[in-house]
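The numbers here are math on the coordinates, done by the rules we state, and not lab data. A quick note: this is a predicted structure, and the numbers were derived from the prediction, not measured. Here Cβ is always computed from backbone atoms with ideal geometry, including for glycine, and neighbour counts include all displayed protein chains.
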Amino acid sequence: MSSEPTPPLILGKQTDESLTQSLLAFVWDKPADGWKKLMGVLTLFVLMFVASLVALLYKGTGVWGNNSPVGWGFDIINFVWWIGIGHAGTLISAVLLLFQQKWRTSINRAAEAMTLFAVVCALIYPTFHTGRPWFDWWMLPYPSTLGIGPQFKSPLLWDVFAVSTYGTISLLFWYVGLIPDLAALRDHTKNRVTATIYGIFALGWRGSGKHWNHWKVGYLLLAGLSTPLVLSVHSVVSFDFAVSHLPGWHATIFPPYFVAGAVFSGFAMVVTLMVPARKFMKLEHVITIRHLENMCKVMLVTGLIVSYGYGMEHFMAWYSGSEDEFTLFFETRARGPYAPWYWLMWFCNLGIPQTFWFKRMRTSVVWMWIAAAFINLGMWLERFVIIVISLHRDFLPANWSMYYPTVIDVMMFLGTWGIFGSAFALFLKVLPAVAISEIKELNHEINHHAHHGEQGHSIEGNVAPAGGH
Amino acid sequence: MSAAAVNTRYWVLGEFNDSDALLSSTTTLRHEKAGELDTYTAYPVPGIEEALGLARSKVTYVAFAGGLTGAVGAWALQLYFNYLDTWHGYAVNIANRPPHSPPVYVPVTFELMVLLAGLSIVGSLIVYFWGFPRPHHPVFESEAFVKTASTSGWWVSVTLDAHEKVEAVRARLEALGAKNVSVIEDAEEA
């Protein structure tokens, strides 16, 4: 198809030493001014979150804009949005590992970290949406003297298990991959205190061949487990809606379309974070344009799947002959009071990714960053459209009511941005943002093939050494 | 085990220049039955299992057992809460839905299967297969080892029980082209 050769995954002739130096440089260097300023601003956002949380706990969920009939507002929109963002991390680390996509290696570590922080942000919402978070343990199955146990037939309870399993497995997967790099940090530092701290987390890893033998199998098994898990989590989230009987929610296409949407928004978030980070941290030799271009391709495909989902929802509303369904999709959404947001969603999620058909747009770092911002917005709007528009005009016009977020709602949402951003910035500073041992393994594989002169066996067109920049 | 109070083991360490040298030398040492072998690399190198003569990791069996426990346990848990325990009043009749309803038990069963499989993989790796946490290990006594093993080195270790064989193994490692060859004495309480 293409006449030009596929660009390499690792630029320049790299050795184990040069990769260790370049990938650990950001951790060992003194914090840059830009990083400090960013952390300062993000800390303000975190404080804003704390303030909104105090208000919420003091006054109750009445400080939110939720009303009747719009019982789910920013809380569930933001929960679904953050959980969706997390999915790219698992997809990159697990699914692409099973498919042996070598380009995942440069971005998996940061994407997995992003997953963890996104899950934390997501969990904040249902935790406090219960109204009395100090009773949240009632959701767990335990021998209660209240004489009532959890209702296992409810998707909301499935969510408790799905999201907590997802968070735990993501953490384990991330940590197992991190252990060899923690050992590298431990041995590379000159500072005794730093060596001790990294040493505790490295558990005494010494790179033993016997240990690698177990590590490889364990890592692959975790990837195999995470792959169906990533599909199940957003399917279960979509059941929260699909199992109900509300027009706009009650659709069998929800699970696949939610999963595609999750991957779509997750990749947009990876681009949003990694485009500035690779420049700032000088990681252009391992996170190349080819990596970014591949992510744009994933966004194009998942964006089309999501749009197909929208189309199918509308088709079924018409084809079912249900008056309520038809009214929701063709009156309330298209011409109702929230119509501008609905059309903006179409523009962001169907329109913007179409630019990725063109190689020039896929390889333009500036454009993909702007497009990713639009996609993040579009996927947030999707959840707004599904939740608020479906709820605000229910079956009885006497019940209709508009939904407006309050100041506390907005503060809390921006506050989760602060939590997410500061956690990510801290991660970039204290841990290697790129999986060093995995990059070295890839580099070794590339150089070894070149060394032994197996031209036919170039890795995915990665004919190395690439001969400089 | 002998009656000696202290059981001294000797670790002969050597570093090779590249992965090919490490793999071929390890294979040679294994065929010569030089002693208990291990290699130390910054990342998994293809062929290392063959060179060391390792069998496939048994962590798969642990994962299977963990997953099975999770799945069976989850189903039992749901059955207990929604069907069996009428005595405590847990089996609540909501809209006359069947108390034992297989389709709705699937999501929680799947999630707990994955959770227990994952926890048992990582737990067994750390505690059983790796024997961690173990921050102090004889190989860390070599400064040259600590300097390169986790970043770029290609190390091999031969562990011996008898002091008589140490010099022979050291000479053999040097003959194979190893650098930074050192011997570490590890006195364990028997």
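Quick look at the numbers
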| read-out | value |
| --- | --- |
| Relative contact order, percent, the stretch B:59-129 [alpha-carbon distance under 8 Å, six or more residues apart] | 54 |
| Kirkwood Rh, angstrom, the stretch A:147-281 [1 / mean 1/r, Cα pairs] | 18.3 |
| Top positive-direction residue, dipole computed over the stretch A:142-294 with Cβ charges, set A:GLY149, A:THR288, A:SER265 | A:THR288 |
| FRET efficiency estimate (nearest 0.05) - Cβ-Cβ, A:GLU17 to B:ALA187, R0 45 angstrom | 0.80 |
| The stretch A:137-193 - Rg over Rh from alpha carbon coordinates, Kirkwood radius | 1.33 |
| Chain A, relative contact order [Cα under 8 Å, separation at least 6], % | 33 |
| The protein assembly as shown: calculated mean residue ellipticity at 222 nm from DSSP helix runs of at least 4, using -39500 (n - 2.57) | -19000 deg cm²/dmol |
| Rough spin-label spacing in nm, given labels placed 7 Å along Cα→Cβ, for B:ALA95 and A:TYR175 | 4.0 |
| Selected from B:THR151, B:THR26, B:THR159 as most flexible by GNM, with chain B as the system and alpha-carbon contacts under 10 Å | B:THR151 |
| Relative contact order (%) - criterion: Cα under 8 Å, at least six apart; region: chain B | 49 |
| Low-density loop positions, chymotrypsin sites (Phe, Trp or Tyr not before Pro), the stretch A:338-375 - DSSP coil, at most 13 other Cβ in 10 Å | A:PHE358 |
| Inter-label distance, nm, simple model (7 Å from Cα along the C-beta direction), A:SER164/A:ILE200 | 2.6 |
| ³J(HN,Hα) computed for each position of the stretch A:366-374 - Karplus, 6.51 cos²θ - 1.76 cosθ + 1.60, integer Hz, glycine/proline x | 5, 5, 5, 5, 5, 4, 4, 4, 4 |
| Simple label model, 7 Å out from Cα along Cβ direction - A:LYS429 to B:ALA55, nm | 4.9 |
| Largest-first ellipsoid semi-axes for the stretch A:227-377, taking √(5λ) over the Cα gyration tensor eigenvalues, angstrom | 33, 17, 12 |
| Listed residues B:GLY70, B:GLY14, B:GLY131, most fluctuating in chain B (Gaussian network, C-alpha, under 10 Å) | B:GLY131 |
| Charge-dipole axis of the stretch A:334-463 as Lys and Arg at +1 and Asp and Glu at -1 on Cβ define it, positive-most pick from A:PRO432, A:ILE375, A:TYR338 | A:TYR338 |
| Integer Hz, Karplus 6.51/-1.76/1.60 couplings in order for the stretch B:25-31, x for Gly and Pro | 5, 4, 4, 4, 4, 5, 5 |
| Cα gyration tensor category, rounded, prolate or oblate, for the stretch B:59-129 with a/c compared to 1.5 | prolate |
| About the Cα centre, charge dipole magnitude for the stretch A:173-265 (Lys/Arg +1, Asp/Glu -1 at Cβ), debye | 560 |
| Dimensionless Rg over Rh [chain A; C-alpha; Kirkwood] | 0.99 |
| Phi-based couplings in Hz for the stretch A:434-442 (Karplus 6.51, -1.76, 1.60; Gly and Pro marked x) | 10, 5, 5, 5, 6, 5, 5, 4, 5 |
| Whole-number D in µm²/s for the stretch B:92-190 (Stokes-Einstein; Kirkwood sum over Cα pairs; 20 °C, 1.002 mPa s) | 114 |
| Radius ratio Rg over Rh of chain B, counting only Cα atoms, Kirkwood formula for Rh | 1.25 |
